[in-house]
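Taking it in order: structure first as structure tokens, then the write-up.
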Amino acid sequence: MNTTTARMAFLYPGHAAEDDYPRLAAMSSPASEVTVIHTEFNEDAHTVEALTEMGSPQRLSEGARQLENRNLEAVLWTSTSASFVRGLDGIREQIETLENLLHIPASTTAMAFARAVTAINAKRVAIAATYPRDVALLFKAFLEHFDIEVVHMTSHGIVTAAEVGTLQREAVLRFATDNNHPDADALLVPDTALHSAAWLEDLDAAAGKPVLTANQVSFWEGLRLCGKLTPQPGLGSLFRVNPWD
């Protein structure tokens with residue numbers, strides 16, 4: 001396996017918890033090189049209409065053009081909801097848009113969740129969503145395409161990513177523990193606007209099971225696409241799985 005530095009980019013809509021990515025890069029070994037590009041959108045709102053526009057090929061293309069002629073190995077569209085609301089066909093379109101423009105492997109946070117759940121061999125999951133219920137239900141339906149059973153789902157109806165990004169450690173840990181479920185093999189926290197990088201081990205310990213967060217699985221997926229995914233300490237249960245087993 002290649003253990004040299006990974007070079008990846010994250011297209012991130014707006015400003016909320018984008019500082020998780022350089023933090024994760026610094027925590028990884030060897031340290032990764034990450035580029036964060038802020039993409040534009042019409043409205044910061046967890047509504048199907050706003051998220052569909054946010055994740056449109058046009059918006060992704062605008063962001064990706066800022067990455068042309070850079071020495072990158074992978075690119076991620078890091079909005080969970082602005083990928084799964086477009087359905088599987090819409091996600092394929094997002095990935096193809098990025099790969100056709102940049103000629104490197106691409107993925108989305110939604111796809112990263114599906115792969116990460118499989119990687120830790122979780123069959124049943126709980127969802128702790130910051131989104132309104134109609135958006136959270138679309139994430140549930142997305143996971144079920146991959147035969148992932150959702151045994152419990154909560155939605156907290158926070159409308160803007162900016163508000164989610166203000167939540168601090170104790171609030172995030174409480175959010176996870178309050179929305180855990182004993183029948184779930186793992187707890188999924190799907191919003192990339194929620195900070196989690198500094199507290200991944202704390203989240204696992206608080207829940208008593210693997211907790212998969214959006215920025216964590218996005219970074220994991222980026223390393224996977226670069227061919228440089230290795231077990232890592234301090235980054236949660238997901239990173240203790242050997243991808244080559």
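The values are calculated or read from the model by the stated rules, or taken from the named source; none is laboratory data. All figures in this text were calculated on a predicted structure; none of them were measured in a lab. Cβ atoms come from the backbone with ideal geometry, glycine included; neighbour counts cover every protein chain shown. Areas reflect the complete protein model, heavy atoms only, side chains present, ligands, DNA and RNA absent. Shrake-Rupley method; radii C 1.70, N 1.55, O 1.52, S 1.80 Å.
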Only one of 104, 95 is among the β-branched types (Val, Ile, Thr), touching a strand residue (DSSP E or B) at 6+ places or on another chain (Cβ under 8 Å) and not in a helix (DSSP H, G or I), namely 104
Residues of the stretch 176-200 that turn out to be more than 17 Å from the chain's Cα centre (by Cα) and either under 19 Å from residue 132 (Cβ atoms) or assigned to a helix (DSSP H, G or I) (or both), as a count | 3
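For every residue, the table says whether it meets (1) touching a Leu at 6+ places or on another chain (Cβ under 9 Å); (2) farther than 24 Å from residue 236 by Cα; (3) touching a residue at least 40 places away in the same chain (Cβ under 8 Å).
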| site | (1), (2), (3) |
| --- | --- |
| 78 | yes, no, yes |
| 85 | yes, yes, yes |
| 96 | no, yes, no |
| 102 | yes, yes, no |
| 119 | yes, no, yes |
| 127 | yes, no, yes |
| 130 | yes, no, yes |
| 145 | yes, yes, yes |
| 150 | yes, no, no |
Say whether the condition of being among the charged types (D, E, K, R) and exposed (fewer than 15 other Cβ atoms within 10 Å of the Cβ) is met by at least one residue in the stretch 1-9.
-> no
When every residue in the stretch 33-50 that is modelled with pLDDT of 95 or more and of a type outside the set (Asp, Glu) is compared, the one most open to solvent (accessible area, probe 1.4 Å) is 38
Which numbered condition residue 147 misses (of (1) open to solvent by 30 Å² or more (accessible area, probe 1.4 Å); (2) modelled with pLDDT under 90; (3) part of a loop (DSSP other than H, G, I, E, B)) = (2)
Would you point out the residue of the stretch 17-32, among those that are open to solvent by less than 20 Å² (accessible area, probe 1.4 Å) and of a type outside the set (D, E, K, R), that is modelled with the lowest pLDDT?
-> 17
